[in-house]
Amino acid sequence: MASLVGNAINASCGGLLKTDDNAIIGASEKRVTDGLGNATNMTIGTGGTSFDSGTVDFTGATVSGLPADVNTTYDLASAQNVANVDVTLTGSDATTDTVTLAAGTNITLTDNGSNQITIDAAGGAAGLESGTGVESMQSAASLTTVAANASGVCSIALGYDADSGPAGVSLGACTQSGDGGVTIGFKAGFGSTSTNAASVAVGFNSTQNNTDFVTLVGACTKTTADYGLAVGHAAQSCAIGAINVAANARFSNNGAFGTCSIAMGYNSCVASTAAGAIAIGNGATSASADAIVLGNGASETNSSGSITIGCGATNPGSNQGIAIGSGATLGTLDEAMAIGLNASSTGNAGSLAIGRQSSATGINPTAVGRLSQASNNAAALGHQAIASGNESTALGQSACATASSSVALGDRALANATGAVAIGSQVTAAKACTVTVCELETCVAGGGITLKSADTTEEKMTLTDADVLAIGGDTVPANDTATPTTVNRIWSGTSAQYTALGTYDANTLYYVS
């Protein structure tokens with residue numbers, strides 16, 4: 001150890017320790033540095049000494065005056081207690097604590113007497129074990145009274161009596177899956193693992209009945225043919241490619257039974273006779289091939305290729321018929337059409353009713369307009385237009401043709417005699433084979449009315465430039481009375497026919513040819 005004796009202060013002060021401010025030590029700790037100001041990891045003061053970094057090594061030194069250790073230490077011991085193991089902790093403070101390790105289901109605890117405890121889990125990790133199929137997995141046999149059976153290659157079977165074919169997955173008691181199939185839920189897919197290939201059944205008692213490529217979702221869903229789809233409680237898909245969604249067939253024969261048919265809605269049904277048919281809606285039913293039924297309670301029977309749309313719309317037998325609208329109704333003859341609320345087209349083939357509460361009955365009727373009515377070979381067009389006579393025509397608001405071959409044209413026009421024609425607003429034609437108008441006007445210069453006698457002779461009645469009435473070129477004598485005669489009717493005939501009349505009407509113009 002070097003001595004400072006004989007050394008000049010300025011040559012040896014660098015090795016001396018001092019406070020960092022060269023002042024005396026006080027209550028606040030000061031950094032200790034060498035004479036050149038290089039800091040150490042120690043601070044000192046009148047109240048204590050601190051080391052705020054680095055390592056303080058007391059190796060080989062005796063440290064005295066430290067407080068006694070007040071921590072509690074424990075000694076451990078174990079003992080078997082029936083199926084459990086008790087672990088006893090005895091403290092340095094003379095306390096004793098016991099912790100019991102309790103054996104759970106399929107767990108065995110064994111104390112070997114040397115403070116070692118063996119834990120054994122029966123049935124393998126997580127209750128799984130290898131199945132009988134290559135690379136298969138099943139729930140441990142000890143977990144259920146009837147063991148699961150993963151017999152297929154790469155299959156999974158979990159649950160009481162679960163059974164799975166190759167690449168199949170069965171989850172739940174009594175589930176069964178075929179090749180590549182998936183079944184989930186009690187008795188889902190219940191059938192044979194040699195069939196039900198690539199099928200999916202999810203839900204309590206969803207059954208596939210030895211079918212392939214089907215999908216079932218919902219409790220008690222069912223399919224009896226390949227490629228089917230059934231979704232919803234008790235939905236049924238019972239024909240090849242049939243689809244039944246959100247139906248209920250638990251207490252009836254509702255569901256999709258027709259080949260490639262679709263039934264969607266609570267209690268919807270497509271019959272086995274209805275291949276390719278569609279029924280959508282609560283209680284919608286279809287019984288004929290290629291028919292379409294849409295709406296709550298809508299139905300069709302014996303009407304292939306028909307369309308029935310609307311709440312309560314019905315078609316009891318019109319092939320290729322169309323009923324659209326709430327309560328729309330067809331008859332039993334083909335190609336009828338009813339469109340509108342409560343529209344009814346019950347006539348023979350091709351009858352037509354369009355409009356709210358329109359009605360077409362009889363042979364070849366056509367009714368267009370709200371509350372319009374037409375019967376045999378008749379046509380009614382307009383609101384409340386009625387053509388009830390055979391071969392009659394009614395056109396206009398409330399126009400009415402009630403007699404055979406009659407025609408009513410215009411607002412509230414009425415033709416009630418055979419062959420009568422009423423033209424104009426509120427005109428009534430009550431004479432058979434007569435055209436009735438309020439007034440008649442020709443719009444072409446020289447135009448007139450052509451008259452035909454009983455012997456088919458034709459003459460034209462016109463007005464001359466002198467404002468004189470002329471028939472066939474002969475002028476009609478002017479009235480020689482002071483009061484002009486009002487002409488309500490024109491008569492044409494031979495001299496003999498004129499004589500045979502006997503009595504004559506003052507308001508009728510008689511033309512004798």
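The numbers here are math on the coordinates, done by the rules we state, and not lab data. Fair warning: this is a prediction, and the values are worked out from it, not measured in the lab. Cβ atoms come from the backbone with ideal geometry, glycine included; neighbour counts cover every protein chain shown.
Summarising the overall dimensions of the chain from its C-alpha atoms, the Rg and Dmax are 54.5, 186 angstrom. With all pairs of separate Cα atoms included, region 9-51 yields a Kirkwood hydrodynamic radius of 10.5 Å.
Using only the Cα atoms of region 71-180, what semi-axes does the equivalent ellipsoid have when each is the square root of 5 times a gyration tensor eigenvalue? Give whole Å, largest first.
Details: eigenvalues 410, 27, 22 Å².
That gives 45, 12, 10 Å for the three semi-axes.
Which FRET efficiency value, to the nearest 0.05, do you get for residue 51 and residue 80 by plugging their Cβ-Cβ distance into 1/(1 + (r/R0)^6) with R0 = 56 Å? Before the final figure, lay out each step's value.
Numbers: r = 52 Å, r/R0 = 0.94.
Taking R0 as 56 Å, the efficiency between residue 51 and residue 80 is 0.60.
Ordering 107, 307 by the number of other Cβ atoms within 10 Å of each residue's own Cβ, fewest first, gives 107, 307. Region 266-335 and region 72-121 have Cα centres spaced 76 Å apart.
For residue 433 and residue 302, the FRET efficiency from 1/(1 + (r/R0)^6), where r spans their Cβ atoms and R0 equals 41 Å, is about 0.40. With neighbours defined as other Cβ atoms within 10 Å of a residue's Cβ, the residues 257, 186 order from fewest to most as 186, 257. Spin-label model, residue 141/residue 464: points 7 Å from Cα along the beta carbon direction are separated by 12.9 nm. Label-to-label distance for residue 508 and residue 450 is 2.4 nm, based on points extended 7 Å past Cα in the beta-carbon direction. In a fully extended conformation the segment linking residue 98 and residue 22 would gain 21.1 nm over its present Cα-Cα distance, using 0.36 nm per residue.
Beta bridges from DSSP with both residues in the chain: antiparallel share about 30 percent, rounded to the nearest 5. Taking GluC sites (Glu not before Pro) in DSSP loop conformation with at most 16 other Cβ atoms inside 10 Å as exposed sites, the chain has its longest uninterrupted site-free stretch at 136-438. Packing, taken as the mean count of other beta carbons within 10 Å per residue, orders the peptides 324-332, 417-425, 350-358 from highest to lowest as 350-358, 324-332, 417-425.
Normalised radius of gyration (Cα atoms, divided by 2.2 N^0.38 Å) for region 1-128: 2.22.
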